[in-house]
Amino acid sequence: MAEDIILETRGLRKEFKGFVAVGDVSLKVRRGRIHALIGPNGAGKTTCFNLLTHFLSPTRGQIFYNGRQITGSSPAAIARLGLVRSFQISAVFPHLTVLENVRIALQRKRGRSFDFWRTDRSLRHLNSRARELLDAVGLSAFEESIAVELPYGRKRALEIATTLALDPEMMLLDEPTAGMAHADVERIAALIRRVAANRTVLMVEHNLGVVENLSDQITVLSRGEIIAEGDYRSVSAHPEVIKAYLGSEHA
Amino acid sequence: MSAVHELAPRAGGFAHQRIAAAVMIAFFALAPLVAYPVFLMKVMCFALFACAFNLLIGYGGLLSFGHAMFLGTAGYASAHAAKVWGFPPEFAILFGTACSALLGLVTGLLAIRRQGIYFAMITLALAQMVYFFYLQAPFTGGEDGIQAVPRGKLFGLLDLDSVWAMYALVFAVFVGGFLLIHRAVHSPFGQVLKAIRENEARALSLGYDVNRYKLLAYVLSATLAGLAGATKVLVFELASLTDAHWTMSGEVVLMVLLGGLGTVFGPVVGALIIISMENYLAQIGSWVTVVQGVIFVICVLTFRRGVIGELGRLIGKPL
Ligand SMILES: Nc1ncnc2c1ncn2[C@@H]1O[C@H](COP(=O)(O)OP(=O)(O)OP(=O)(O)O)[C@@H](O)[C@H]1O
Ligand SMILES: [Mg+2]
């Protein structure tokens, strides 16, 4: 085998009461790549993510991670295998501080946290690593802030820092730059490129500039089905893709 | 659960909480000089019960509507152990508490996968089943309950028939339970619990088996509620159906709401208010329930955060 596949789906399908949100998607993601999943609104991208991380159960099909079937594994178990997702709608712990948000993720790596008799001062040794991660996403100045008080773009940055805290082998990012100011988009794109140096990234992204810039491979989804795959140039010239995007914009 | 979120204490600066804790402990240490010890013991038992309940709703975001089953189970178990098996008080309390912990584990496994109102409903249903079991089972004495439970000698030394010895025991149990809950809230476990309450999907996506954490919170809460129930039985030398009845589950909700959901001291203040009302308004008979209902409505309409929640907001620090 020449190519090293980290994640593969075979005939993955999800129906909601007969409506096919994801229809027989067979996807291969190569290790170490930045792979973009794009497509018009409602194409089934987020549903795909939900299937991959078992936040939803597929109607049919299989998922393999590192050659091992994870179709029936629990979301938490999948995360512990190193396949960690973010969410389209910013997912922070709103009433914890920014530092605590990241620390929750770092805390998971110390194993099960069932020790209710121990003081949480025992978590202080994680603070320096948490600060490094916050620094990487430009949130150093906000570590004492309550997460809910951050502006939207910074919440997204915090979410990425939290995901990174797990040092995942593969990250699933659902629209990481959505709702960000231009300068923040640049910073997050640069960060994704940096952290992708030693991991695999599968991301949903509507900002085509970011997609063009970052991704090695692109899969285009429309109405739950893969209509094109390849690099940015070949995909953007694909007639089906042009039709799908135009169709959705004129809808 | 949005009310819970609003009340979540912020990080840092807990000095004022230490002071408040010292005030509370001093209050229960000195109050028996001026108030009836039995009344104060009752308050402490219910305060611990309410704190245990608050651990689950205030920090775990889980509304149980069946907590009376833990109060009642520990009560019957320890009363039976002390009276029929002749257990010394420390083992009777331990046995009763362990029974509630076990009941917590069994009911928790059934209930914990349900969310929100469904969780409340299933806990209520389970508690009703437990209640009917106690109503029918011969060892509980039905409507009469288990009476004349011997207090015995603590560690074979301290005769609990002395009101001061009994008071010291209840005081120690209450303070110990209170501190344990405080520690649990501020532990690595407590951090994860807060994260789950704040955003369950996110906690799950980070690799936390959220149901296990919830289950542990539930079992801890059940255990401490049981400790309160077992201790209360020794105080009153009586285990009765009242403790297992659904109105008891409602009463603890009322105490916590009145005092302040998700606050450290709210459940204690809530218990103090409700028990005082029941004691001093006893003359008006069943009207107590009506008065409680009215207070509940006023509380929900005007100071939603409860007494301690509003106080904490006034001084700008969580209490
Ligand atoms: N839980 C659900 N129940 C019913 N239908 C759903 C559910 N989740 C998604 N859908 C439908 O499935 C389709 C795909 O949704 P999905 O969220 O995966 O799209 P998407 O590609 O992520 O779109 P967007 O770019 O807008 O985020 C949509 O038509 C949506 O309405
Ligand atoms: Mg989406």
Expressed as a whole-number percentage, the relative contact order of chain A with C-alpha contacts under 8 angstrom and at least six residues apart is 26 percent
Cα centre as origin, Lys/Arg/Asp/Glu Cβ charges: segment A:23-129 dipole, Debye
480 debye
For B:Lys42, the aspartates and glutamates lying under 15 Å Cα to Cα, once residues fewer than eight places off in the same chain are dropped, come out as B:Glu237, B:Asp243, B:Glu251, B:Glu278
Using the beta-carbon distance between A:Arg10 and A:Ala197 and R0 = 25 Å, what value does 1/(1 + (r/R0)^6) give for FRET efficiency, to the nearest 0.05?
0.30
The protein assembly as shown: calculated mean residue ellipticity at 222 nm from DSSP helix runs of at least 4, using -39500 (n - 2.57)
-17000 deg cm²/dmol
Could you tell me the distance between the Cα centroids of segment B:252-299 and segment A:1-54, to the nearest Å?
54 Å
Report the number of Lys pairs in segment B:49-244 whose alpha-carbons are under 28 Å apart, with separation of 8 or more residues or on distinct chains.
5
Using amide H atoms built in the peptide plane, which far-off residues or other-chain residues are under 5 Å from A:Lys14 H to H?
A:Ala21, A:Val22, A:Gly23, A:Asp24, A:Thr59
Using Cα-Cα distances under 8 Å and only pairs 6 or more residues apart, what relative contact order does chain B have, in percent?
32 percent
Return the whole-Å distance between the Cα centroid of segment A:129-183 and the Cα centroid of segment A:97-112.
14 Å
Say the dipole of the protein assembly as shown comes from +1 at the beta carbon of Lys and Arg and -1 at that of Asp and Glu; which of A:Ile6, A:Leu173, A:Val25 then lies farthest toward its positive end?
A:Ile6
Sorting B:Cys99, B:Cys299 on solvent-accessible surface, 1.4 Å probe, most exposed first, gives B:Cys99, B:Cys299
Starting from the Cα of B:Val106, step 7 Å along the direction of its Cβ; do the same at B:Ala26; then give the gap between the two resulting points in nm.
4.6 nm
Given contacts defined as C-alpha pairs under 8 Å and at least six residues apart, what's the relative contact order of segment B:245-319, whole-number percent?
37 percent
Per DSSP, the loop-located chymotrypsin sites (Phe, Trp or Tyr not before Pro) within segment B:64-167 having at most 16 other beta carbons within 10 Å are B:Trp85, B:Phe155
Which of the lysines could a cross-linker bridge to A:Lys28, judged by Cα under 22 Å and excluding same-chain residues fewer than eight apart?
A:Lys14, A:Lys45
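The values are calculated or read from the model by the stated rules, or taken from the named source; none is laboratory data. As the structure is a prediction and not an experimental result, all values here were calculated from the model. Positions of Cβ are backbone-derived with ideal geometry, glycine not excepted, and every protein chain shown enters the neighbour counts. Keep in mind that these areas ignore ligands, DNA and RNA; they rest on the heavy atoms of the full protein, side chains included. Shrake-Rupley method; radii C 1.70, N 1.55, O 1.52, S 1.80 Å.
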